Amino acid sequence: MKRLFTFVTLLAATALVSCSSTSQVSLDYSPDPGRVRPGQPEFATREFRDRRDMEPTDLGTVRTQIGTPLENVQTRVPVSQVVTNAFGYGLQARGMLTAPRSSRYIVTGEVLDLYCQMLVRPYGYARVRVTVLESASGQIIHSKVYTGERSSGMYVPGSGSPVPLLRDLVSGALQDAVDRALDDSEMRGRLNDGMSLEPTRPTITI
């Protein structure tokens, strides 16, 4: 009887895995005009590098409480492009975005984490290393890791797909990281002072 129960359990788990689906989502950046810090139009973006140990478009997996995967969540375009776009929108919302040829600074960096998950509580997390370069010399003016995280209450099975909620949570987590980076007083101070973290190093090509 015990062997039969184990076999049935494994068979059910296999059936759930085989029925797992994939949902593609678009992440949103919706800044609050009253909370962002305006700046000068001196910035352009360069594509962020995806340093996650995941496929380029993977965001996470919806699982049952015993860990069985039910639904995969992916972005429509590579995560590196998603993050680059988010920083572009963030700069634009602050009046800081300009054409690459006329920019004084370049905002780029690395995506260290960007994912959503759901076991009991839906959760979204972002961790990005943001690097600001001087356009003319390629010198690093500022480099720092910024994070954002959002969570929600316990998901009730049968209440509909959790994917829209996960999308909103990971969108919010990424927006929090972007806002913390672009409104960082330390970063703004370095730019105003014209300081470089690596004044003796040669031009950096990314």
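The values are calculated or read from the model by the stated rules, or taken from the named source; none is laboratory data. Keep in mind it's a predicted model, so treat the numbers as computed, not measured. Remember, those area values only see protein heavy atoms, side chains included, never the ligands or the DNA or RNA. Shrake-Rupley method; radii C 1.70, N 1.55, O 1.52, S 1.80 Å.
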Rounded to the nearest whole Å², what accessible area per residue is found for the range 41-191 with the 1.4 Å probe? 45
Sorted by chain and number, the residues with a modelled amide H under 5 Å from that of Leu70, at a separation of 5 or more or across chains, are Val62, Arg63, Thr64
Which ³J(HN,Hα) values in Hz, rounded to whole numbers, follow from the phi angles of the range 43-51 under the Karplus curve 6.51 cos²θ - 1.76 cosθ + 1.60, where θ = phi - 60° and Gly and Pro get x? 10, 10, 10, 10, 4, 6, 8, 8, 9
Determine the share of the range 41-191's accessible area contributed by carbon and sulfur atoms, expressed in whole percent, with a 1.4 angstrom probe. 47
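How high is the relative contact order of the range 41-191, in percent, counting Cα pairs under 8 Å that sit 6 or more residues apart? Mind showing how you got there, number by number?
On the way: 323 pairs, mean separation 35.5, N = 151.
Averaging sequence separation for qualifying contacts and normalising by length gives 23 percent for the range 41-191.
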